[in-house]
Amino acid sequence: MTIRVDNLFANLPELYESEQSLSLFEKPSIKIERIVSDSYSSPAGHWYDQDEDEWVVVVHGEATLEFEEGELVRMQEGDYVTIPRHVKHRIQQTDPKTIWLAVHIRCQIRERD
């Protein structure tokens, strides 16, 4: 078996006022993605409302998240938050070349016999 080594900072996309995600690892119960944001804001009126919990860390740059209740959360390199499922949020603004890691945790419901 050969272990493959990749680099989080390799092959960064060239962006302008947008963002792009890349799936790094995915299994039925978890997804890890790299997100690169360049001076990005979510479109006006757009709110993320996800079916899974999300843990997110800013690896490079800074960003401000806005939650539906009006709370603003400023994040710097190394800061992380856990966003419970169905908590509506959006990206208010990122610095140029902000890099995040997002971990989406999917709940699996088992049927009873």
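The values are calculated or read from the model by the stated rules, or taken from the named source; none is laboratory data. Model, not experiment: these values are computed from the prediction. For neighbour counting, all protein chains shown are included, and Cβ atoms are generated from backbone atoms with ideal geometry for every residue, glycine included. Please note that ligands, DNA and RNA were not included when accessible areas were found on the heavy atoms of the full protein model with its side chains. Shrake-Rupley method; radii C 1.70, N 1.55, O 1.52, S 1.80 Å.
Below are the figures for this structure:
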{"item": "Phi-based couplings in Hz for the range 69-79 (Karplus 6.51, -1.76, 1.60; Gly and Pro marked x)", "result": "6, x, 6, 9, 10, 8, 10, 10, 3, x, 6"}
{"item": "Heavy atoms of LYS31: accessible area, 1.4 Å probe, square angstrom to 10", "result": "50 Å²"}
{"item": "Rounded accessible area of PHE25 (nearest 10 Å², 1.4 Å probe)", "result": "90 Å²"}
{"item": "Percent of C-alpha pairs per 10 Å bin, the range 1-95, short to long", "result": "14, 46, 32, 7, 1"}
{"item": "Computed magnitude of the charge dipole of the chain (debye, nearest 20; Cβ of K, R +1, Cβ of D, E -1)", "result": "420 debye"}
{"item": "Sequence of LEU12, LEU101, LEU24 from largest to smallest accessible area, 1.4 Å probe", "result": "LEU24, LEU12, LEU101"}
{"item": "Spatially proximal aspartates and glutamates relative to LYS88 (Cα-Cα < 13 Å; intrachain offsets below 8 disregarded)", "result": "ASP49, ASP51, GLU52, ASP53, GLU54, GLU66, GLU68, GLU69, GLU71"}
{"item": "1.4 Å probe accessible area per residue over the range 1-70, in Å²", "result": "66 Å²"}
{"item": "Extended-chain gain in nm, criterion 0.36 nm per residue less alpha-carbon gap, VAL57 and ARG85", "result": "8.4 nm"}
{"item": "For the chain: relative contact order, % (alpha-carbon pairs under 8 angstrom, 6 or more apart)", "result": "32 percent"}
{"item": "Carbon and sulfur %, accessible surface of the chain computed with the full protein complex present, 1.4 Å", "result": "49 percent"}
